[in-house]
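Report on the following structure.
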Amino acid sequence: MPRFFVSPENISGDTITVTEGDYNHIRNVLRMRVGESITVCDGQGSEYNCEVAGYSDGECLLTVKERIPSTVELPIEITLYQGLPKKDKMELIIQKAVELGAVRIMPVLCERTIVKLEDPKKEQRKMERLRAISESAAKQSGRGILPEIADPKKFADAIADAKERGCAILVPYENADGMKATKEAFDRAMTAGKIAVFIGPEGGFAREEIAIAEKNGANIISLGRRILRTETAGITVLSALMLQAELCSGD
């Protein structure tokens, strides 16, 4: 069944209004007729089974048949703080992080980040594209919320952000202790409920950044004996956390 996200303000009683790009997709691409079924999410954990009621002045009107809480979200909240990578790697990282259950993704400017943020208008267009990729991945994977793509922050500010949110902070680092320490850190993080995963850029984290993380209570962990690319490391950690959370939930 087709699936779309709408803002809560577009929901009024038993009527939902779909506009702009999604309106065009429903009417002109899918060519949905009055009476056909469609699923809409409010981006905050509720799903609505609807029928197309009609089209009017650039709007698609839906009639709500049933409202149900989403059952696909993880029992933990994961934020991925991703060291800003080169080229279009961030697009792949966001797509996979959303599929794996992250609720929030923040690009992070690290000491060894190669990419430079210079033109504000150009960077704004990039952020809009990243948010569109997040929405597309959320639709494809059946998410009940629309994961947030936060504006970039410098590493120290990102660590402070995670600490302020009350997250258990996990920082993979090539010089960390073995996998036993990683398992113990994962177990502690599960009990915290909110987890921040920090992934370095192509050159990895500087030792000074690791010191900042440790000073703020971060768990410095190993991901094994192999060196992983930045786009692989985040997917690895999120996959492990997702599976552990699902197993612990008993579903």
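Of all residues in region 63-116, those satisfying the criterion of being out of contact with any helix residue (DSSP H, G or I) (no Cβ under 7 Å at 6 or more places or on another chain) and acidic (Asp, Glu) are Glu66, Glu73, Glu77, Asp88. Only one residue in Arg67, Arg31 is within 30 Å of Leu247 (Cα to Cα) and among the basic types (Lys, Arg). Which one? It is Arg67. Which of the residues spanning region 221-251 are touching a Pro at 6+ places or on another chain (Cβ under 9 Å), in a helix (DSSP H, G or I) and either closer than 11 Å to Val171 by Cβ or of a type in the set (A, V, I, L, M) (or both)? Residues satisfying the conditions are Ala233, Val237, Ala245. Count of region 20-60 residues, restricted to those that are of a type in the set (Gly, Ala, Ser), more than 26 Å from Thr71 (Cα to Cα), part of a strand (DSSP E or B) and touching a Ser or Thr at 6+ places or on another chain (Cβ under 7 Å), is 1. The single condition among (1) closer than 19 Å to Ile78 by Cβ; (2) in contact (Cβ under 8 Å) with a residue 60 or more places away in the chain that Asp151 does not satisfy is (2). Only residues that are in contact (Cβ under 8 Å) with a residue 60 or more places away in the chain, assigned to a strand (DSSP E or B) and within 22 Å of Arg129 (Cβ to Cβ) were counted in region 61-105, giving 5.
Would a scan of region 4-19 turn up a residue that is in a helix (DSSP H, G or I), touching a residue at least 12 places away in the same chain (Cβ under 8 Å) and in contact with a strand residue (DSSP E or B) (Cβ under 8 Å, 6 or more places away or on another chain)? Among the residues of region 4-19, at least one is in a helix (DSSP H, G or I), touching a residue at least 12 places away in the same chain (Cβ under 8 Å) and in contact with a strand residue (DSSP E or B) (Cβ under 8 Å, 6 or more places away or on another chain), which makes the answer yes.
Quick note: the coordinates plus some simple rules give every number you see, no bench work behind them. The model shown is predicted, which means the values in this text are computed figures rather than measured ones. All Cβ positions, glycine included, derive from the backbone under ideal geometry; neighbour counts span all protein chains shown.
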